[in-house]
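A.B. asks: Quick one: the structure is below, and I'll ask about it shortly.
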Amino acid sequence: MTGIIGRGRRQPSDEDLAIWQRAKEDLLDRLYTGLPGRLQMSGHRVIARWTRAYADRVVLEIGCGHGHHLHHAELKYRQYIGLDADNTFLRTLRGRFPETRVVNGDAYALPLRDHAVDCVLSVYCFEHLRQLSSCLAEVKRVLKRDGELLIGLPAEGGTAYGIGRKLTSKRYMERKYGIDYEAIVQWEHWNSYRQVEELVARQFRIVETCFLPFRWLPSVHLNAIVCLRCRGI
């Protein structure tokens, strides 16, 4: 079910895509400031709490970006591997965490042996993956049979998240760079939260779901972040 969010997905112009390639690192760090930043960090901390049992074991992060999880998790992973397809992001991460092991790699063909990883985590990445089913099959291949997949997601497709994005990242990017940010989002965010959840449930057992900031209101429309804790079927 990976595919278009809603109908009428807009194709960004070549000019906007070129600007986006230069500007996305700016936005990536910008999203960790102010109220959006506090919400983003809360997702990292839930994932970190779930990973405490794996602090001394092999942990793979898919879509590690600038290393925001390492910064905000407040947890030291002794055998951490950060994977990202964007070398620019990895250079920034290496500058911030020089001792960290990082790999420029493909989420659809993970450069790891079968059952080599104790825990796979991915925070604010799976919504971008156009071949998410292929990535999940690879995660299942490299994960040990008693391992866990931990996922942090924006509540894409939810009302509160949509309003929040219009008031924050959309306003910032359109004012600063003059791009059609809605078209960029439709191009970048390939999966809604519900689409990710459905695809994950086909290959894993979701054992815990955490909605943020309102944990006691399990609604995708009233929250901004959703974290999933998954184990093999």
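A.B. asks: Under 28 Å from the Cα of Lys24, which lysines turn up, not counting those fewer than eight places away in the same chain?
C.D. replies: Within the straight-line limit of under 28 Å, Lys24 reaches these lysines: Lys76, Lys166, Lys170, Lys176.
A.B. asks: Now for a separate question. Among the DSSP beta bridges whose two residues both lie in the chain, what percent are antiparallel, rounded to the nearest 5? Walk me through the numbers before you get to the answer.
C.D. replies: Values: 16 of 34 bridges.
Just about 45 percent of them are antiparallel.
A.B. asks: With the Cα gyration tensor of segment 12-89 in hand, convert its eigenvalues to equivalent ellipsoid semi-axes via √(5λ) and list them largest first in whole Å.
C.D. replies: Values: eigenvalues 151, 52, 13 Å².
Over the Cα atoms of segment 12-89, the ellipsoid semi-axes are 27, 16, 8 Å.
A.B. asks: Enter the mean projected area of the convex hull around the alpha-carbon atoms of segment 126-233, in nm², rounded to one decimal.
C.D. replies: 7.2 nm²
A.B. asks: Based on Cα coordinates alone, diagonalise the gyration tensor for the chain, multiply each eigenvalue by 5, take square roots, and list the semi-axes in whole Å, largest first. Numbers along the way, then the final one.
C.D. replies: Numbers: eigenvalues 139, 81, 64 Å².
Working through the eigenvalues yields semi-axes of 26, 20, 18 Å.
A.B. asks: Also, I was wondering about something else. With charges only on Cβ, +1 for K and R and -1 for D and E, what is the dipole size of segment 1-153 about its Cα centre, in debye, rounded to 20?
C.D. replies: Here the size comes out at about 340 debye.
Read-outs throughout are calculated quantities, based only on the coordinates presented, and are distinct from any laboratory measurement. This one's a predicted model, so the numbers in the text were calculated from it and none came from an experiment. Here the Cβ is made from the backbone with ideal geometry for all residues, glycine too, and neighbour counts use every protein chain on show.
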